[in-house]
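Since the structure comes first, as structure tokens, the remarks are kept for the end.
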Amino acid sequence: MSPERIPVIVGVGEALDRPTDLSKAQEPLALMEAALREADADAGGGFLAKIASLDVVNQLSWRYADAAGELCARLDIAPARAVYGPVGGESPVRFLHEAALRIARGEAQVCAVVGAEAQWSVNKARAAGIDLPWTPKPVATGGGPRIEVHPLALKLGVFLPVSVYPFYENAAAHHWGQTPRQALAESGALWSAYAAVAAGQPNAWIKTAFTPDQITTPRPDNRPIAWPYTKLMVANMQVNQGAAVIVTSLAAARAAGIPDERLVFIWGGAAAREPGDYLQRDHYHGSVAQDAVLETVAGMAESFDALELYSCFPCVPKMARRTLGLPADVTPTVTGGLTFFGAPMNDYMTHAAVAMTLRLRGDGGTGLLYGQGEFVTKHHGLVLADRPAPQGARSLEAISVQGQADARRGAIPAFVENATGQAVLETHTVLYDRDGAPTHGVAIVRTADGARALARVPAADADTLAALTNPDAFPIGRTGTLHAGGDGVLDWRL
């Protein structure tokens, strides 16, 4: 392929803000600006004004009327394309892949991806009753983007990632033949590996190398949230962080005098998704979309010398590791994970791209960025390396492997809101209040005719709750009884 069509990462930057005075706290736009300016300096300077395509990662902590336009005004740049993206933790990976495609097709010479959040400052200011002196929010924001959820999921409190991913966590562990205790031990060891990497990252939010037991054992500062997750097992969105990546062509990078050893080549990747409503999935012990994506990107390289397996919750990298055929003790991150490095909403994988670029510059080799969005819904993998792809442009041409995922998907059961009688447990979780007391359990069950239903386990049903949280045996596959709970919600009892 011509050097004018070979995409390379030339600049990366990050911004971290830990204000002691909230009046001096940096808003997300300021963090984005700082990260992009650092990325430009990292590339040797002179790239900002040449940006032809700018992707701004969806931002939640402080809404703007036009985040992309306002950022361009701050930077005094006028790219032909400046787009504010949709919700999704995989979106930075997709934006980098699409930037590489624009370079390969000759549609743009310089592209950039940037994002930032300042949720820590926003929460501190709200608690203190302080108005932050930031860019005024628009009068009406429309409530922001929404992820597709069933009304019953809203009623039962299983409409946020922290309460939905446990359905996958428990179903997958049961499918793999583990007991809950064994699954928790695997999660603790895995999360401890992420924490160890974050401890050495200058821009990590938490720099403590937690042991597995510290991560999985409930205590006042590590309360249970949704069984089996404690606070230290879930994404930490209370951060102020920004990150940016600049992509150009190999020819432009060399013309700018950038040494080849500082270039990171984008080989290609793959994307696929599951149905948006998680109650309309064929199963919960894995994801055919994730499998199709990871198997495709694994075929692009003989092996990976560095990995970033998305880590909003333990089941995600645990499933990914098995699909990729990696050993249990593999180091799954170059960044530190969404619990410890920090989870700036949708923007973690931009930071991961920064960390991967620095790793490949220093140690060489081939790296994998794997991101996930919504509720095990959207999947995107991208292969980076310290050298051009041996297969040339072929890996960049096809971004979607949706057809492969759809061909593997099993039958999706009908969902029913009203049912009585016997029902078999498909998967479950238990939700807790801030004091660590269970508020209720939530069960996904299958009725006698194979339909799927969503049901509550009331807090007063101590026996069923005890079975749902038994560390020595999953109740998945056991039969219980469905009946009307009197408030439009079904109750399920063993």
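No value in this document is a laboratory result; all are computed from the given coordinates. Quick caveat: nothing in here was measured; it's all calculated off a predicted structure. Cβ placement follows ideal geometry from the backbone for every residue including glycine, while neighbour counts extend to all protein chains displayed.
The relative contact order of the chain, computed from alpha carbon pairs under 8 Å that lie at least 6 residues apart in sequence, is 21 percent.
For the chain, what is the mean residue ellipticity at 222 nm derived from helices alone (per DSSP H run of n ≥ 4: -39500 (n - 2.57); sum divided by total residues; nearest 500 deg cm²/dmol)?
Computed mean residue ellipticity for the chain: -9500 deg cm²/dmol.
Considering only A256, T230, P212, and ranking their Cα positions along the charge dipole of region 130-268 that arises from unit charges at the beta-carbon of Lys, Arg, Asp and Glu, the one farthest toward the positive end is T230.
For region 1-158, build the charge dipole from Cβ charges (+1 Lys, Arg; -1 Asp, Glu) around the Cα centre, then report which of L54, Y84, L31 sits farthest towards its positive end. Positive-most Cα among the choices belongs to Y84.
Between the helical axis of 288-298 and the longest alpha-carbon principal axis of the chain there is an angle of about 40 degrees. Less than 5 angstrom separates the built amide H of Q109 from those of A52, all sequence-distant by 5 or more or on a different chain. Just so you know, the Cα atoms of region 179-328 work out to an Rg and Dmax of 18.7, 58 Å. Region 438-494 and region 48-104 have Cα centres spaced 44 Å apart. The overall shape of region 1-75, judged from the alpha-carbon gyration tensor, is prolate: a/c is not under 1.5, and a/b is greater than b/c.
When N counts the residues of region 237-290, how does its alpha-carbon radius of gyration compare numerically with 2.2 N^0.38 Å, as a ratio? Intermediate values should be presented prior to the final figure.
Details: Rg = 19.4 Å, N = 54, 2.2 N^0.38 = 10.0 Å.
Rg over 2.2 N^0.38 Å, computed on Cα atoms: 1.94.
By the rule of a C-alpha distance below 23 Å, with chain neighbours fewer than 8 residues away ignored, the lysines paired with K124 are K24, K137, K207, K231. Which residues make up the longest stretch of the chain clear of GluC sites (Glu not before Pro) that lie in a DSSP loop with no more than 15 other Cβ atoms within 10 Å, not counting the sites? Answer - 149-301.
Any chance you could tell me what percent of the C-alpha pair distances in the chain go past 35 Å? It would help to have the intermediate numbers written out before the result.
Working: 40427 of 121771 pairs.
Within the chain, distances greater than 35 Å cover 33 percent of Cα pairs.
Quick check on region 45-174: take the gyration tensor over C-alpha atoms, sort the square-rooted eigenvalues as a ≥ b ≥ c, and tell me if it's rounded (a/c under 1.5), prolate or oblate. In terms of gyration-tensor shape, oblate.
Within region 131-214, the trypsin sites (Lys or Arg not before Pro) that combine a DSSP coil assignment with at most 15 other C-beta atoms in a 10 angstrom radius are R146, K207. Simple point charges give the picture: +1 on the Cβ of Lys and Arg, -1 on the Cβ of Asp and Glu, and for region 213-297 a dipole about the Cα centre of about 320 debye. The C-alpha atoms of the chain define a longest principal axis, and helix 119-128 lies at about 70 degrees to it.
Counting Lys and Arg as +1 and Asp and Glu as -1, what is the net charge of the other residues whose Cβ lies under 13 Å from the Cβ of L75? Can you show the working numbers first?
On the way: positive: R37, K50, R74; negative: E33, E38, D40, E70, D76.
Once positives and negatives cancel, what remains is -2.
Summing charges over all other residues whose Cβ lies under 9 Å from the Cβ of A108, with Lys and Arg as +1 and Asp and Glu as -1, gives +2. Rounded to two decimals, the Cα-based Rg/Rh of region 370-491, with Kirkwood Rh, is 1.17.
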